[in-house]
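First up is the structure itself, then whatever we jot down about it.
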Amino acid sequence: MRSILLFFLISTSVFSQRVITGKVIDKETSTTLSGVFIRDMKSDNWSISDKNGKFIITIPYFEDIELNFSLLGKMESNIVLKNNENNITVSLEDNTLRLKEVVVTANKERKYSELTLGTNAINNVQAFSLDDVLQQLPGQTTTKFNLNEFKNIVFRTASETSLSYAAKAFGTSFVMDDIPISNNENMQAFNPNSGLANDFGTKINTFTNTNKGVDLREISTNNIEEIKVIQGIASAKYGDMTSGLVLITTKVGNSPYRVSASIRDATSQLNLTKGVKLNSNNAMNFGINYLDAKADPRDNILNFQRVNGSISWQYKNNDATIKNTVNTSFRMNLDDAKSDPDDITAVVVKNEKQGFSLSNNLMWKPKNLWVDGINVNAGLSYDRQFSRRERWLNTYTSAATDSREEGIHEAIIVPSQYTSINTVEGIPISTFLTLETTKTLTNKNNWIHSLVFGISNRMSANKGEGRKNAATGLVNYYTLGKEGSGTLAYRDYDFGQTKTEYQTSAYLEDRIFKNFENDRLLNIDFGLRFDNQMGSVSLQPRLNSSYTLNKIVRLRAGGGISSKAPSLNQLYTGERYFDKLVGSGIYTYPGIYQKAWIQTIITPGDNLNLKPSKSYRTELGLDIKLPFASVNFTGYYNKLFNGFSGQQVPVYKIIPKAEVIVTGTEIPTYKINGTEKFYYMSNAITNNSSSEDKGLETTINFKKIKALNLDISMNASYTSTKDFSDAKEYYPSSSLLSSELYGVYDKKNYWMDNFTASFNFNYHIPAVGLLVSVRSEHVLLRNSKSPTGNFLNGYLDTELVYHEIPLEDRTNIQKYAHLIRDPGQTQSKLQNVLHNFHLRVSKDFLNGFSVSLYSTNFLNLKPYYYDTSGLKVLSNIAPLTFGASLNYQF
């Protein structure tokens with residue numbers, strides 16, 4: 001079918017071309033600008049201005065043309081050319097606060113529903129990481145400023161439960177300069193045996209982010225030129241995601257030295273960037289960032305440090321047919337939870353990461369081939385991660401074993417006081433390669449088809465030493481499983497046992513454009529993506545469309561399917577061990593012996609049958625241009641299915657029954673007397689969760705009030721979320737003599753909704769480079785509820801065989817009192833509307849200096865509410881903080 005459509009397009013096409021020439025100059029000095037990137041917004045054909053500022057770009061159609069002109073340090077400009085315009089002169093302004101128009105919010109001039117944040121929007125919140133910037137988007141709220149725990153993000157959801165939010169955050173994709181930032185290889189989890197994994201960290205703060213998405217703390221904003229957020233349906237070009245896409249473009253090109261220093265609470269940051277023009281065809285950029293964040297300004301107990309650096313080199317040839325960009329970056333991150341001198345039992349944690357990335361982006365316009373362009377993107381990422389947790393324990397004498405075989409083994413006697421040490425060393429490695437071709441065709445009816453075809457491959461591996469557990473003065477210490485509690489024991493696990501995983505993809509996209517009479521305009525992006533993710537094959541159709549009825553009204557619609565591969569940490573968890581003491585425990589005769597045996601039961605643990613999770617995303621939109629404002633409405637329905645979640649697994653085995661023989665002062669022995677039944681709960685990761693998100697977003701950008709130099713905009717977002725799970729929960733019978741061993745329950749479902757609004761007021765005086773920005777946030781609704789209908793549906797007998805209970809008997813107290821438990825409804829409701837106000841004052845000076853003062857919650861609002869237990873507590877809105885940033889460029 002595809003080949004027939006392609007043949008039809010080619011056979012009806014007119015290979016016509018239109019040549020546009022021109023020159024780009026600096027608006028202030030009228031000097032020519034070289035290295036300006038010129039891109040056709042319909043066909044993605046491109047060109048670059050030469051050393052004299054001149055350019056030539058070939059357009060494969062004769063409709064109205066919209067060209068985008070961009071250069072580092074200059075304000076982007078979009079120019080529309082009519083049919084009779086083939087030569088233009090374009091002037092670009094410096095992107096400073098002295099521009100007549102400064103955009104400090106997400107730009108709404110978009111093709112579909114994507115949001116774009118430029119340099120001024122990035123700087124509007126005095127960002128210390130990418131997390132600060134993305135909190136400006138609809139549906140997000142500014143949270144407490146804290147860089148001492150990992151940060152992730154999800155778009156268009158009201159999820160509050162940690163597992164649901166984490167699963168969706170894992171499906172949020174980040175792509176920097178067309179190279180994905182991958183977290184699939186991260187295995188820094190202490191004990192994946194417990195389900196989805198528990199993290200290294202203190203009781204409150206967690207530092208590692210296995211299976212929970214990209215840690216936004218690691219991405220500094222000093223070298224970012226633009227951020228594009230696609231909350232709806234992404235192009236077929238992008239894969240391995242289910243919850244949204246963030247495209248990051250870094251700075252490349254000539255620019256002055258820029259030095260900046262920022263401080264906020266107990267966090268400080270230093271930046272240095274510089275772009276060098278080597279000649280008319282070559283330019284280089286470098287940047288370095290240092291950040292130090294303390295949880296408390298009064299001490300250094302909890303501390304996060306980050307060092308990022310980057311070097312990029314861009315080359316173009318004389319006739320602007322080749323553009324190649326090489327990016328290298330390095331990173332060093334450290335989470336350090338030191339010993340509290342007032343608490344001898346405090347957990348000491350260190351989480352380190354050092355690594356580098358290397359990428360190459362090639363754009364080539366071949367002259368003698370049928371295609372218009374060939375793009376090749378390749379990337380390599382390498383890290384060394386080391387996590388260490390140290391705890392001093394004072395407990396009763398216990399026993400442990402390091403055996404990896406089933407059976408009875410002599411135990412290691414663990415003293416009552418010791419220092420327990422747990423470490424994980426991971427070496428995640430990922431590669432990415434994509435080859436893409438483009439071709440634009442115009443048929444006789446002036447339908448424009450911009451065709452894109454690409455293939456890609458990504459690799460994930462982890463070559464670290466893995467998980468290790470030890471105690472000071474002992475060979476090894478392993479947690480002893482508690483019989484009947486379902487607690488599993490630990491063993492060292494070498495990540496070398498994992499396999500390298502591959503994802504292979506191909507995609508074809510047709511970007512259709514048609515200009516009708518009376519200003520009617522049609523855009524359709526239809527794509528089909530093929531993914532082979534570790535042997536799981538899927539076809540993913542995606543569609544974005546918009547239809548402009550006139551100069552006032554535009555309609556939008558889109559839908560598509562995408563998928564997210566499981567991480568190595570979800571696939572390779574190691575075998576599950578259950579250790580039980582033989583007999584009555586540890587046998588002791590003071591001064592003569594201390595003896596114990598442990599019986600080890602093993603269950604296979606890897607989740608190699610885990611499939612990619614998938615999402616179905618749809619949206620409808622309406623854009624209205626009024627004389628006083630631009631209004632956008634977007635309604636959406638998204639469904640996540642085959643989501644990753646933990647599942648208890650009942651295990652039943654017949655094991656040897658051992659009897660310990662104690663005779664006076666003689667060292668005890670044991671003998672086998674038959675067999676016995678043994679039950680315990682193991683864990684697995686399965687594709688048994690799903691979630692539905694539906695909601696409505698609106699944005700309004702009012703026309704600037706010139707008399708007051710005031711820009712006003714607002715956004716509002718309502719989202720309702722339902723989380724479902726097919727997982728089963730097992731609860732032991734309260735009767736030891738019952739033939740029904742476990743009651744079986746369906747997992748509780750959750751419903752949440754959230755309604756937020758935000759206003760931006762920007763007072764701007766270009767002549768003096770002054771910007772005063774006030775941003776308000778309002779949480780109007782925030783509710784959650786789990787239903788009461790979580791009743792017993794069956795039971796497991798003494799051989800763990802499942803028996804379904806008839807519906808009418810499930811609440812029969814007399815018959816199943818030993819299995820029935822109170823389902824316990826949970827519900828929370830926002831008692832009072834929450835408000836918060838943030839202030840930024842920025843000033844550009846003519847001597848190269850600029851200063852910015854920033855405050856969250858500058859009105860120091862402290863709303864209280866009563867929690868479910870009746871206690872009066874402070875709400876979680878961002879508290880009062882102050883910050884300042886000083887910049888100098890020369």
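The values are calculated or read from the model by the stated rules, or taken from the named source; none is laboratory data. None of these values were measured; they are calculated from a predicted model. Glycine gets a Cβ as well: all are built from the backbone with ideal geometry, and neighbour counts include every protein chain shown.
Can you pull out the residues in region 275-301 that are assigned to a strand (DSSP E or B) and within 29 Å of the chain's Cα centre (by Cα)? Break it down stepwise before answering.
Filtering region 275-301 for residues assigned to a strand (DSSP E or B) gives 275-279, 282-294.
Across region 275-301, the qualifying residues are 285, 286, 287, 288, 289, 290, 291, 292, 293, 294.
When the residues of region 526-542 are filtered to those that are surrounded by fewer than 16 Cβ atoms within 10 Å (Cβ to Cβ) and among the aliphatic types (A, V, I, L, M), which remaining residue is nearest to residue 230 (Cα to Cα)? Here the residue is 539.
Quick grid of which residues meet (1) under 28 Å from residue 619 (Cα atoms); (2) touching a strand residue (DSSP E or B) at 6+ places or on another chain (Cβ under 6 Å):
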| residue | (1), (2) |
| --- | --- |
| 697 | yes, yes |
| 723 | yes, yes |
| 737 | no, no |
| 751 | yes, yes |
| 754 | yes, yes |
| 773 | no, yes |
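Contact map, region 740-755: residues that are within 27 Å of residue 696 (Cβ to Cβ) paired with residues that are hydrophobic (A, V, I, L, M, F, W, C), Cβ distance under 7 Å, separation 6+ or inter-chain. Pairs shown: 749/724; 752/158; 753/158; 753/781; 754/158; 754/781; 755/780; 755/781.
Would you say residue 546 is closer than 30 Å to residue 683 by Cα, in a strand (DSSP E or B) and within 32 Å of the chain's Cα centre (by Cα)? When the stated conditions are applied, residue 546 does not pass them.
Considering 871, 846, 830, 834, the condition of being more than 34 Å from the chain's Cα centre (by Cα) and within 23 Å of residue 143 (Cβ to Cβ) is satisfied by 871 alone. Residue count for region 549-568 satisfying the condition of being more than 23 Å from residue 214 (Cα to Cα) and aliphatic (A, V, I, L, M): 5.
Among the residues here, residue 350 does not qualify as more than 25 Å from residue 382 (Cα to Cα), modelled with pLDDT of 90 or more, within 32 Å of the chain's Cα centre (by Cα) and part of a strand (DSSP E or B). Which one of 585, 605 is surrounded by fewer than 19 Cβ atoms within 10 Å (Cβ to Cβ) and either more than 26 Å from the chain's Cα centre (by Cα) or part of a strand (DSSP E or B) (or both)? On inspection, the qualifying residue turns out to be 585. Tell me yes or no: at least one residue of region 253-275 is more than 30 Å from residue 429 (Cβ to Cβ) and free of Cβ contacts under 8 Å to residues at least 12 places away in the same chain. No: region 253-275 contains no residue that is more than 30 Å from residue 429 (Cβ to Cβ) and free of Cβ contacts under 8 Å to residues at least 12 places away in the same chain. Only one of the listed residues (432, 386) is buried (at least 16 other Cβ atoms within 10 Å of the Cβ) and out of contact with any Leu (no Cβ under 9 Å at 6 or more places or on another chain). That residue is 386. Within region 832-889, restricting attention to residues that are over 30 Å from residue 100 (Cβ atoms) and of a type in the set (Ser, Thr, Tyr), the residue that is modelled with the highest pLDDT is 881.
Looking only at region 11-24, decide whether some residue is under 30 Å from residue 123 (Cα atoms), assigned to a loop (DSSP other than H, G, I, E, B) and at pLDDT 80 or above. So that I can check it myself, show each step before the final result.
Within region 11-24, the first condition is being under 30 Å from residue 123 (Cα atoms), and the residues that meet it are 24.
So of that shortlist, the ones also assigned to a loop (DSSP other than H, G, I, E, B) come out as none.
No, region 11-24 has no match at all.
Screening the candidates 162, 194 for the property of being within 15 Å of the chain's Cα centre (by Cα) and either modelled with pLDDT under 85 or closer than 19 Å to residue 350 by Cα (or both) yields one hit, 162.
Taken over region 206-238, the residue count meeting the criterion of being more than 21 Å from residue 307 (Cα to Cα) and either basic (Lys, Arg) or assigned to a loop (DSSP other than H, G, I, E, B) (or both) is 12. For beta carbons closer than 6 Å, sequence separation of 6+ or different chains, a first residue in region 693-714 that is in contact (Cβ under 8 Å) with a residue 40 or more places away in the chain and a second that is assigned to a loop (DSSP other than H, G, I, E, B), the qualifying pairs are 693/156; 693/157; 697/138; 699/108; 701/108; 703/628; 711/704; 713/105.
Taken together, the criteria exclude residue 344 from residues that are surrounded by 15 or more Cβ atoms within 10 Å (Cβ to Cβ) and either of a type in the set (S, T, N, Q) or in contact with a strand residue (DSSP E or B) (Cβ under 7 Å, 6 or more places away or on another chain) (or both).
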